[in-house]
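Presented below is the structure to which this report refers.
The values are calculated or read from the model by the stated rules, or taken from the named source; none is laboratory data. If you're wondering where the values come from, they're calculated on a predicted model, not measured in any experiment. Note that each Cβ is placed from the backbone with ideal geometry, even for glycine, and that neighbours are counted across all protein chains shown. To get the accessible areas, we keep the full protein, side chains included, count just its heavy atoms, and leave off ligands, DNA and RNA. Shrake-Rupley method; radii C 1.70, N 1.55, O 1.52, S 1.80 Å.
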Amino acid sequence: MYNSKPHQEHDLDRLHQHMQGTRLAMLVSHGEHGLLATHLPVLVDTHEGEFGTVYAHLARANRQWQDLERGAEALLVFPGADAYVSPSYYPSKADNPKVVPTWNYLAVHAYGPAEVIHSPESLLEIVSRLTDRHERARQTPWKVSDAPRDYLDGMLRAIVGIRLPIARLQGARKLSQNRSAEDIAGVREGLEASSDHLDNQLAAQMRQL
């Protein structure tokens, strides 16, 4: 992705934190079936490999896995909070009206070759870990093992697993770093005053600059 120098994020812990906080990522690839994208929940194992390893699963009917199995490079997009930035947020506008709107946002892109998994045992582990991740905050967590085994076996035959060792990571943390301290404060205050919770999330991130 295009990412100008002031907005590049290279801190691996912060990149991993963003990825683990993303509930739904986008898997993008290009191969025999053209350009394909699938929205899917993922698991990010930060201790496996230099940049981490991502696990997920696709419907077997989704042809994207066939392209991945043939060696197509995969891109996983982890979106974050985003916000419209009005020129009216900039105090400097009073002296210099040459300003235009922009957009602030957080995003991480992970690239690598994907391994397609067909083993029922490995698939069961992936779906169990994914389920446990999203159920653990519930008072009475549901577990995959709560479902009848014969039903699970049928569901597992309908999916394939994905294991993606990350070969390259890109992080974008566009939070008005190219503006003056006064303008950054103006943007932050404008977003804090917004009734949009995503604007508020961006404002909180700007307090960490």
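Treating r as the C-beta distance of D196 and Q20 and R0 as 25 Å, the FRET efficiency rounds to 0.55.
Restricting the GluC sites (Glu not before Pro) of segment 141-209 to loop positions (DSSP other than H, G, I, E, B) with no more than 16 neighbouring Cβ atoms within 10 Å leaves nothing. Computed in the context of the full set of protein chains, the accessible area of the chain at 1.4 Å probe radius has 52% of its extent on carbon or sulfur.
Model label points for S122 and Q208, set 7 angstrom from Cα along the Cα-to-Cβ axis, are 3.3 nm apart. Length available on full extension from K143 to H47: 0.36 nm per residue minus the Cα-Cα distance, which gives 32.1 nm. If only the Cβ of Lys and Arg carry +1 and only the Cβ of Asp and Glu carry -1, the dipole of the chain around its Cα centre is close to 240 debye. For trypsin sites (Lys or Arg not before Pro), the sites in segment 7-96 that DSSP calls loop and that have at most 13 other Cβ atoms within 10 Å are R23, R70. Lys-Lys pairs in the chain that are eight or more residues apart or on separate chains and whose Cα atoms lie under 23 Å of each other come to 4.
Among the chymotrypsin sites (Phe, Trp or Tyr not before Pro) in segment 98-168, those placed in a DSSP loop whose Cβ has at most 13 other Cβ atoms within 10 Å are W142. H134 versus D150, label points 7 Å from Cα toward the beta carbon: distance in nm? A separation of 2.7 nm, rounded to one decimal place.
Sequence-distant contacts, meaning Cα pairs under 8 Å at least 6 residues apart, place the relative contact order of segment 1-93 at 29 percent. Once backbone amide H atoms are built at 1.01 Å from N, S86 has no partners under 5 Å, excluding neighbours fewer than 5 places away on the same chain. Take every Cα pair under 8 Å whose residues are at least 6 apart in sequence, average their separation, divide by the length of the chain, and the relative contact order is 27 percent.
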